[in-house]
Every structure is written in structure tokens, then in C-alpha cells.
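Read-outs throughout are calculated quantities, based only on the coordinates presented, and are distinct from any laboratory measurement. Nothing here was measured: the structure is a model prediction, and the numbers come from that model. Note: ideal-geometry Cβ built from the backbone for every residue, glycine included; neighbour counts use all protein chains shown.
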Ligand code: HDE
């Protein structure tokens, strides 16, 4: 580590220790605490007031309303959903780390995960295009360890001091608080184009990663380089990876916008339903491991959080698997009050001097102090570690323990020297990488090894297929065509042009501008694997994906029966969730056409006999007063336009043509029997987006 960056002491190592308990239910149960008392499980904190009486005490009501509104929403990542689960270690990893949760094959550690978007406020829609938070807490037997990561492996900035600027630029305007949960505005693109360290993350966000199909279908990353430390004090540099066992899948933009209007809770609903149905999602935790002296070996600085280590250079070593299997009992008490901190680390894990990470070690504690009005948020049930707590935090607002030690300081002679500071050899306490030496000069400036902002966005862009490149360009076109400032548009094109002349020309075409001449300083043809979403690996499972079966509930019992057998066959063979749609909620119908739309399904099938609902003839049932005119056709056509597999059984084949779906199109299936359609739908769902709703432009001349 000899890069010329500002090196801060790892104060966060101290921040992770202030953790305790909260028996708020019964004053008589106030705990008398010594410095190290085991915690009780979360269960004891659950209060059931469903059979009790409401208080008529106005004072209490006022106090309660003040209390419940006291915790402000998160300044960023306000919109989110959480779930409990278990992490299971694959092996004894003491060859890599002293972390106790990784020291035995099969060892289970409880976890709580919170997924989020970044820019939107707490009531915003789930499917806004954004980076997504992926924060995991491990309640290990040696204290809490948090990986506060995102679904994109890089970040916008390299130094924490720039974070307020980034957030001010991305958030709504200060005067009118518009636009909500969106970056399609002048200040965001002004910042992106003035601070080119943002380009790499921006490219990932403008590709499918910004609009995942669900929290379950995205990967997670710790982003910064961390350290794993062994018992002997030796250490390695690592990057954390969460790889989704559901595979990666994303929406398309028109669909995401429609979802935002139809179901703002789309992602939290999906996660909740999957867990309730016993199909909790799983991720494999892995690390890329690099020797301490190889921080500059890959042509960039491992302390620079805007860079990935391509997996061809350093493969990911899988350490264990996490399964989420329990929804929260109370959103506020758990998901809202969970207070993650990158500073929450355990023995065997340590920080690096990454200047973004160093700032986060301070900032997250500040945030939690501000949100909670004091340091005792660590005593809340969801934040409280399962391991015994030893710290010297005392008093403060909301202190719920009665500490009994009257010599709460160290060193002391009056209490036999306790409490004592734990160290590597004493008390199996906390330690940082003790064998490490740092040399070099300290400057308050960005290291020259942090200066290349263009090669890696280009690597990312080169690694996408032409269709996915077009997807990315469409996203940039959508965003920048809402930018009003000519200067900003000019600056955007200049930065895009440093990544790729192709991108600059194609974005410029939509803006009615000329791209600057090619600037090939950073151009190269390298590629990396595994970053694609739409043309990546097929999904490993289609279980829990949603299929809409369009039928008629009137005048055609056979069509309704066919919908029923199709539903049974699909659910039994594929484990998908099937919704049978009809004009009214007759028996066998799950949803009406008046409530249905294509955002609710990953694939759509029209059954034999439902044709009359799709004809444009105004005298027919297609204009029934039971649903808005043309709704069945719209569901089918939208599903097709948004790249979903669509199918028609028997005579319903004619419907495809009549609404404008080419029968021979990719992912368009026709059959007479239920079994054949089940197979086709499985194949289509595995590909997920069987076609993207635009043509690929193989060369610039086609713009
Ligand atoms: Fe955060 N970030 N962040 N961030 N972040 C917060 O903490 C901050 C950064 C991330 O579900 C806040 O408790 C600074 C990178 C997630 O509760 C706040 C900097 C990464 C979550 C904060 C960063 C993240 C947060 C808001 C630059 C990926 C949601 C409320 C130095 C590695 C956690 C809160 C949850 C939340 C500050 C950069 C991920 C304000 C100053 C890089 C997933 O403290």
C-alpha cells in the first residue's frame, strides 16, 4: 500500500463495538448489567398488543407520536425491504481469516439483509432506475459483521469527501423537490460529466443493473477492498461478492416505468411472497483474494473503489451460502431501525485505506447518531449482537441497561484491572491486521494511481452484446434528452467519447448534436465475462416466476377448464406462480382483466377459446364493460413488447397475429397441448427476456 492517498486510522474498528440490548416491554424487566452479559434472542422483545386496550392518556399519545416520527428516513437508501435468514459456511476458512463464522464447515450464522434503492425517498417506487443497496448483517458468535454493499461492484466516487456533492446532484432540486427518485435531470448529469470517476458506475446503472427484475435476481458486492486476517496476523486483500442463485434478470425500461405506476411495492412484494411461499432466495458469498503486495499489480489501484478486478484475473472463491427464510414481524422495528455500519467488523476482518471506505467508517455512525438522537441504537433488538457485549458506552438517551460496574474504565486498580481492552492475544478480542507495515508519504490529494476513469467503463461496454449495448445507450438517451443545459449535454458527450466514440455518436444522434472527434487515449478492445444480464447465462431456476394465463370466464367452460389444467401443469412442473385472468372472478379465475396488466407476469399464455376477447370488433366481448376496451390485447402485446415469452394454445394462435405479435417471433410459442407449452414456457423463462424491444445496431452507419 504505497499509493499517495490520505491514510486515516481505522477508527471504525472502534465504532462497531457499541452494541447492547433493549427490554422495553416491561419496566420490571430492566436488565442489571455487568460489562459482559449474554444477550437474549430477539423473541423476548416482541410485544403483542392485539388484545390490549388503547390508552386514553393524551400525553402518552403525544409522546408516542413524537417517538414514532423521531427516526428520520435514511438520507440515502430510504426505500427498502428486509428479511432474516441464515448464512452457512462451506468450510473451515482459517487458512484465510480468523473470523469465527467462517471457521467450521456447516456453521450457521443468523443474518438480516436490507435491499434498497438509493435516491428515492421512503415512499418512492421500487422500480426507479438506480443503484441498489444490498446490506447484510451477520449476527456472528463474536459480534456483528456488516457488509454494507450494492448490486453494482463499483462506486461513483473515490473519496468520501465527494459524497455530499454526489448526493446533492442526484437528489431532487432544493427549490421544488423534483424529480423524485430519478437521475434524468440537469444536476445529476452535470455532476456525472464533471466528475468522471462516476462513469463506470453510471454505465452499470444504465445497463440492466439499474432496473433488476427483483432483489432476488441481482448480485451483491462489498465494492471496497477489505482485508482478511488470520490468527497469526497475516492478511490478504479481498473483494466481497454475493452471487444470486436465482440468476440475474432485469426489467426493460418501459416496463419498469409501468410497474412504478401499477405497483410501487413490486420488489418488496416479490421478496415477501417468495419467502412466505417457502422459496426464500439464496446467494453464495465469495471473495477475490489478492496478496498484500499486489495492490497495484492489475494496472489500477485496488484501493480505488471505481474499479473491478476482472474475474479472469482473480476468480471468486466461494465461502458459503446465505438463504433468506423469514419476513420481518414489524417493518419499523426491524427494517427501518436496522442500522448498518461498515465499521461493524469482527475479529479476522479488517479495513483498507480506500479513502471512500475510510470516510464511511465515520459517516455511518454519524447517520445513526443523528437518526436516533444518541448512541444507544445498538441496543435495539434488530441491532443487538447475539454475542456478549463488552464496551465502555454509558448513559445517553434511551439507555436501557442498568450497568453495575462502578469502575467502568481502563486501566484501573479498583476492579482487578477490568474491563480491559481486548487485543489479539488477550480475551479473543478484536484486532486489526497486526503484522502490517505502511510506508510512504501522506498527501491530501488523490493518488495518481486513481486517475484513469475511462478504461473500465469501456471494458464493461465492450463486454456487452450489441443488443445490451443498445439497451444502455437507450437509457443514456432517455436521461440526457431531459437535460436542458447545452453545456451539460456537451460535457456528457465529451466524457462518453473518452469511453467510446460509438456511444458518443449514438447518444449525440438522439440529442440532435455532433459528437466530438474520436479520442482514443483510453480505447481498447478488452472484454471481461459475467457482466451481461440480458445475454448472460440462462436462469438456473424459473421457480416463483409469474405466468399470466388469459382465458374467458363466460360462455366457454372449456376455455376455463384449459386455464385450470394449464395452471396445474405449470405450477407442478415449474414451480411458477400462475394467475388465471378472466372477465370476472368466477370460480377458477384469480384476477380480472380490469385489474390485470403485463407488469404482473414474466410470461403470458392465451388459452384456446379466449379469442373473442381479443378481437377489435366493437360489437364483440372485446369491448365488454367488465374491463377497459382492449385490455386483453394490451396485456398480450405489452408482454411481447417487454421481451417476455408469450404463447397461444389452439385457435388462440390467431390472436397473436391480430394484436401484432409475429407468430414466428423469438419466444413466441404456439401449441395445441398443455405439455408442449409448459416446456416452451420453461425455456422462455430461463432466457427471461427472450427479445429486447428494439433492434440492435451492429454498426454506426445504422444509427
Ligand atoms: Fe452508503 N450510506 N455512503 N454507500 N449505503 C448510507 O447510512 C455514505 C456507499 C450503502 O439498508 C447511509 O444508515 C457515505 C458505498 C447501503 O440501511 C449514510 C458514502 C456503498 C446503505 C451513507 C457512502 C454504500 C447505505 C444512509 C461515501 C456500497 C443502506 C442511512 C463515503 C459499498 C443501508 C444509513 C441500509 C446507507 C453514507 C457510499 C452502500 C448516509 C458518506 C460505496 C447499502 O450514512
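Numbers for the structure displayed
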| read-out | value |
| --- | --- |
| Translational diffusion of the range 261-344, µm² s⁻¹ [Kirkwood Rh, Cα pairs; Stokes-Einstein; 37 °C; 0.692 mPa s] | 197 |
| Shape call, the range 431-544: gyration tensor on alpha carbons, a/c limit 1.5 | oblate |
| Estimated FRET transfer efficiency (residue 595, residue 529; beta-carbon r; R0 35 Å; 0.05) | 0.25 |
| Fraction of antiparallel bridges per DSSP, the chain only, in percent to nearest 5 | 70 |
| Additional length obtainable on full extension of the chain from residue 626 to residue 234, 0.36 nm per residue less Cα span | 134.1 nm |
| Peptides 206-215, 547-556, 92-101 ordered by average Cβ neighbours within 10 Å, highest first | 206-215, 547-556, 92-101 |
| Kirkwood Rh in Å, taken over the range 407-460 so that all alpha-carbon pairs contribute | 16.2 |
| For the chain, alpha-carbon Rg and Dmax in angstrom | 27.5, 95 |
| Value of relative contact order over the chain, rounded to a whole percent, pairs C-alpha under 8 Å and six or more apart | 16 |
| Separation of the residue 370 and residue 438 label points, Cα + 7 Å toward Cβ, nm | 2.5 |
| Ordering of 559-567, 258-266 by packing [mean C-beta count within 10 Å, highest first] | 559-567, 258-266 |
| More than 23 angstrom apart: percent of Cα pairs within the range 208-315 | 45 |
| Overall form of the range 372-436 per C-alpha gyration tensor (a/c, 1.5; a/b vs b/c) | oblate |
| Highest-first arrangement of 288-300, 310-322, where packing means the average Cβ count within 10 Å | 310-322, 288-300 |
| The range 540-629, relative contact order [Cα under 8 Å, separation at least 6], % | 33 |
| Two-site label geometry, residue 557 and residue 465: point separation in nm, points 7 Å out along Cα→Cβ | 4.6 |
| Whole-number D in µm²/s for the range 566-668 (Stokes-Einstein; Kirkwood sum over Cα pairs; 25 °C, 0.890 mPa s) | 177 |
| Taking the range 376-456 and dividing mean pair separation by its residue count, relative contact order in percent (alpha carbons under 8 Å, at least six apart) | 13 |
| Estimated FRET transfer efficiency when R0 is 30 angstrom, pair residue 675-residue 537 (beta carbons, to 0.05) | 0.70 |
| Cα-projected label distance for residue 425 with residue 317, points at 7 Å along beta-carbon direction, nm | 2.7 |
| More than 22 angstrom apart: percent of Cα pairs within the range 169-264 | 51 |
| The range 498-636: C-alpha gyration tensor shape, a/c 1.5 cut-off, then a/b vs b/c | oblate |
| Estimated FRET transfer efficiency when R0 is 45 angstrom, pair residue 108-residue 664 (beta carbons, to 0.05) | 0.30 |
